Amino acid sequence: MQGFQLLSEFGWARAAFALAVAAAAGLLRGFTGFGFALLAVPALTLVFQPAEVVPCVLLMQLVAGMQLVRSTRHHVDWHSVAPMLAAAVAVTPLGTGLLRIASADTMRATIGLLLMVTVPALWRRSERLRRPGVGVRIAVGIASGLLNGSTAMSGPPVIAYFLATTEARIARASMLTYFLLLSSAGVASSTASGLMSTHTVLQAVLLVPPLVAGTALGHRWFESASEETHRHIALVVLAIVAIVAIARVFLH
């Protein structure tokens, strides 16, 4: 009953838009292993209260991540994920502190410009790099955590690392696991801060069916696609991240 009340509160057109966004974001994440928040956050701010969007998306990312745990768990590169995740969680509060020195727009522009250099290099280089030492993996996690705390864009360093060093199946499984666990920390933080309201949870629950369907479709697409197709689509999405990050600076 509450679900129908919420739908009527939004209006059916806005509700249909939100359901379509959930399906599309699930499709993107199910195929590439990342990109859910890139699509969902800006799109859902058009129909939800902005303060509710990030907690809602964090909950949805948990669902999307757990949906694929069984099929991806044996392919995760834990030697990379574990040190990255530990470093990211540890320094995320420091990322928030960076905003006292540099604005979020400056941070977004920096990561956008770095990606504009990185993506073409990864596109041209078909052979994978050897997995770097643990120090580099920790550094990637630190960069991810600092960006997470300052801009909520934790993904680019991790995505670039896995696309450069591992085959598609391992890269996708590792990214899905990394973002699932980082989202878990985000949900815990949002709950402790009082941002995870009943209204927000209900919004997320209503979006679960199209999210699950989109994620399943993305997974099936990945299983039938070649490694080159996955790599190229993932790099295109990463390039879009770069463009959006830079564009936000000029649009503010």
Go through the stretch 136-184 and report how many residues are among the charged types (D, E, K, R) and either under 23 Å from VAL244 (Cβ atoms) or part of a loop (DSSP other than H, G, I, E, B) (or both). 2
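Just checking, does the stretch 202-211 include any residue being touching a Ser or Thr at 6+ places or on another chain (Cβ under 7 Å) and in contact (Cβ under 8 Å) with a residue 40 or more places away in the chain?
So the first thing to find is which residues in the stretch 202-211 are touching a Ser or Thr at 6+ places or on another chain (Cβ under 7 Å), and the list is none.
Looking for residues that are touching a Ser or Thr at 6+ places or on another chain (Cβ under 7 Å) and in contact (Cβ under 8 Å) with a residue 40 or more places away in the chain, one finds none in the stretch 202-211, hence no.
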Out of all the residues in the stretch 204-227, is one or more at pLDDT below 85, more than 27 Å from LEU98 (Cβ to Cβ), more than 17 Å from the chain's Cα centre (by Cα) and small (Gly, Ala, Ser)? no
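Going by what's in this entry, would VAL187 be described as in a helix (DSSP H, G or I), free of Cβ contacts under 8 Å to residues at least 24 places away in the same chain and more than 22 Å from SER71 (Cβ to Cβ)?
Working: in a helix (DSSP H, G or I): yes; free of Cβ contacts under 8 Å to residues at least 24 places away in the same chain: no; more than 22 Å from SER71 (Cβ to Cβ): yes.
Criteria not met by VAL187.
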Hey, among the residues in the stretch 228-252 that are exposed (fewer than 15 other Cβ atoms within 10 Å of the Cβ) and more than 18 Å from the chain's Cα centre (by Cα), which one's nearest to ALA25 (Cα to Cα)? THR229
Within the stretch 6-62, which residues are assigned to a helix (DSSP H, G or I), within 18 Å of the chain's Cα centre (by Cα) and hydroxyl-bearing (Ser, Thr, Tyr)? THR32
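Output yes when any residue across the stretch 128-141 is closer than 21 Å to ALA37 by Cβ and either free of Cβ contacts under 8 Å to residues at least 12 places away in the same chain or in contact with a Leu (Cβ under 9 Å, 6 or more places away or on another chain) (or both), and no when none is. Spell out the reasoning first.
Taking the stretch 128-141 and keeping what is closer than 21 Å to ALA37 by Cβ, we get 140-141.
Still in the list and also either free of Cβ contacts under 8 Å to residues at least 12 places away in the same chain or in contact with a Leu (Cβ under 9 Å, 6 or more places away or on another chain) (or both): 141.
Yes - at least one qualifying residue is present in the stretch 128-141.
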How many residues does the stretch 154-179 hold that are surrounded by fewer than 20 Cβ atoms within 10 Å (Cβ to Cβ) and under 20 Å from LEU58 (Cβ atoms)? 0
Scan the stretch 22-31 and give yes if some residue there is buried (at least 20 other Cβ atoms within 10 Å of the Cβ), modelled with pLDDT under 85, at negative phi and in contact with a helix residue (DSSP H, G or I) (Cβ under 7 Å, 6 or more places away or on another chain), otherwise no. no
Can you confirm whether SER193 is free of Cβ contacts under 8 Å to residues at least 24 places away in the same chain and of a type outside the set (Val, Ile, Thr)? yes
Run MET196 past the list (1) surrounded by 20 or more Cβ atoms within 10 Å (Cβ to Cβ); (2) in a loop (DSSP other than H, G, I, E, B); (3) of a type outside the set (Ser, Thr, Tyr); (4) out of contact with any helix residue (DSSP H, G or I) (no Cβ under 6 Å at 6 or more places or on another chain) and report the number of the one that doesn't hold. (4)
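Please verify whether the stretch 75-92 includes one or more residues that are among the small types (Gly, Ala, Ser), within 24 Å of LEU58 (Cα to Cα), part of a helix (DSSP H, G or I) and more than 18 Å from the chain's Cα centre (by Cα). Write out each step before concluding.
Our first condition is that a residue be among the small types (Gly, Ala, Ser); within the stretch 75-92, this holds for 80, 82, 86-88, 90.
Imposing the further condition that a residue be within 24 Å of LEU58 (Cα to Cα) reduces the set to 80, 82, 86-88, 90.
Checking the rest, the ones that are also part of a helix (DSSP H, G or I) come to 80, 82, 86-88, 90.
Then drop every residue that is not more than 18 Å from the chain's Cα centre (by Cα), which leaves 90.
Yes; the residues of the stretch 75-92 include at least one that is among the small types (Gly, Ala, Ser), within 24 Å of LEU58 (Cα to Cα), part of a helix (DSSP H, G or I) and more than 18 Å from the chain's Cα centre (by Cα).
The values are calculated or read from the model by the stated rules, or taken from the named source; none is laboratory data. Everything numeric here is computed off the predicted structure, so don't read it as measured data. Methodologically, a virtual Cβ is constructed for each residue, glycine included, from the backbone with ideal geometry; neighbour enumeration extends over all protein chains shown.
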